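Here is the structure we will look at, set down as structure tokens.
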Amino acid sequence: MISGSSRKWRVPALALFAIAICVGPTRIAIAAESGQEIFKSKCAACHTIGQGILVGPDLAGVTARRDEVWLKRQIKEPDVLLDENDPIAIQLLLEADDIPMPPPDLSDDEVAAVIDYLKSTEQQETVVIGLPAQYIPTLLIGAAALIALTVVGLRAGRKKVDVS
Ligand code: HEC
């Protein structure tokens, strides 16, 4: 049974939780979400992330494997990279049985959003290599919420013991 005192704490605890969940990751989440939409509508027909090769290569780990400037160009203007005889693009074309990736016609912002999304699917590796600055506020808020909830829990628990 929940005692009256811990029920009283529930509202502020939930409020803290809600703030922690909303404030920190919202910006990143919005960017990654629109990137995911773009990926679904413009890329997923030819690429998976971690589910193997379709028409184009599996994009799992691609943001770690490729230089960021190159990646932007490959996504925005793969045809130009090939025209320039870029060695990686030529190698990829060979591996894809000579099927070139058509330029997806994305704005710079959309390209950045897709790359953010690809990165967000690689959080695991990223966290191991080094914490990107953008996640630090989220982590701090998360840690603060955790501490606050622990304190709330301890107080509620102690009161319950007092009662019995
Ligand atoms: C019609 C199929 C097709 C679509 C749609 C497509 N790609 Fe590709 N993609 C390919 C092929 C084929 C290759 C390899 C040959 C080449 O680079 O031209 C490739 C290569 C790539 C590479 C290089 C992979 C590596 O290992 O370095 C990236 C990154 C990439 N695509 C991202 C995207 C993104 C992001 C989108 C959506 C905006 C997209 N592609 C849409 C077919 C496609």
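Every number in this text was worked out from the coordinates using simple rules, so none of it is lab data. Not measured: the values here are computed from a predicted model. Virtual Cβ from ideal backbone geometry, glycine too; neighbours counted across all protein chains shown.
Straight distance only, please: which aspartates and glutamates reach the Cα of Lys119 with their own Cα at less than 19 Å, same-chain residues fewer than 8 apart left out? Partners within reach: Glu33, Glu37, Asp58, Asp67, Glu68, Asp108, Asp109, Glu110.
Ordering Lys119, Lys8, Lys42 from the fewest to the most neighbouring beta carbons within 10 Å gives Lys8, Lys42, Lys119.
Panel order for Phe17, Phe39, by other beta carbons found within 10 Å of each beta carbon, from fewest to most: Phe17, Phe39.
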